[in-house]
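The block underneath contains the structure these notes are about, expressed in C-alpha cells.
Since every read-out is calculated from the coordinates, none of them should be taken as a lab result. What you see is a predicted model, and the numbers here were worked out from it, not measured in a lab. Note that each Cβ is placed from the backbone with ideal geometry, even for glycine, and that neighbours are counted across all protein chains shown.
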Amino acid sequence: MRKLKDIVLKFIIGIPLFILAIPFLIISIPIEHVRRKKFEKRYAEFLNEHNGKNFFCYNNRKHSKQYIEENILPNLTDGIEIVYLNGKKVESEYNSEFISEALYGLKHYNKFPHIMKIRNGKLIDKSVNNPFYNILNANKPKSSFLNQLNTFFNLNDINNTT
C-alpha cells in the first residue's frame, strides 16, 4: 500500500512539473541547437585555419608528467605544439574551447599521452600511451617513440636522441 501511495504522490507532483517545464524546453532546445551549430562552424574554421598543425597532448599524471617534461618535450621537433591537461583545465597556446572539443572528440583515445594532427580541415588522432609506457617502464629507447611521433606527423627531421 505504501508503494502505491509513493507512486501516486510522484505522479501528482511529476505531471505538473513536466507541464511547467514544457515552455522552457520549447524555448531552450532551439536556442541550444543554434548555439551548437554556431560553435561547430567556428570549430570548423579553427580546423581550417590550423591545417597542418601537430599536437602532443599529455596530462598531469605525476610520474609520466615529469618524464615527459624532462625527456620527451625537449626532443620534439619544431612544429609539434604542446597541449597539457592540468586536471580538467586545458593549457595550450590555442583556444582552449576548441582544443577541449578536439580532446572530447578523440576517436582513438586510450589514455594519455595522445597525438593529434589537423589535415584538410579534419582532426586525426592516435594514442601513444602504450609506446610511451614501454619507454617509461620497460626502458625502451625513446628514439623509437620519437620516430613514431614523427612518422605520424609526417615530419622528415627525425630527432634520434636516446
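When the range 105-132 is filtered for residues that are free of Cβ contacts under 8 Å to residues at least 24 places away in the same chain and aromatic (F, W, Y), only Y109 remains. How about the range 45-75: which of its residues are surrounded by 13 or more Cβ atoms within 10 Å (Cβ to Cβ) and in a helix (DSSP H, G or I)? F46, L47, S64, K65, Y67, I68, E69, N71, I72, L73, N75, listed by residue number. Taking the numbered list (1) under 21 Å from L155 (Cα atoms); (2) touching a residue at least 12 places away in the same chain (Cβ under 8 Å) in turn, E49 passes all entries but (2).
Does H33 meet the test of being touching a helix residue (DSSP H, G or I) at 6+ places or on another chain (Cβ under 9 Å) and assigned to a helix (DSSP H, G or I)? Even if it seems obvious, please write down each step before you answer.
On the way: touching a helix residue (DSSP H, G or I) at 6+ places or on another chain (Cβ under 9 Å): no; assigned to a helix (DSSP H, G or I): yes.
When the stated conditions are applied, H33 does not pass them.
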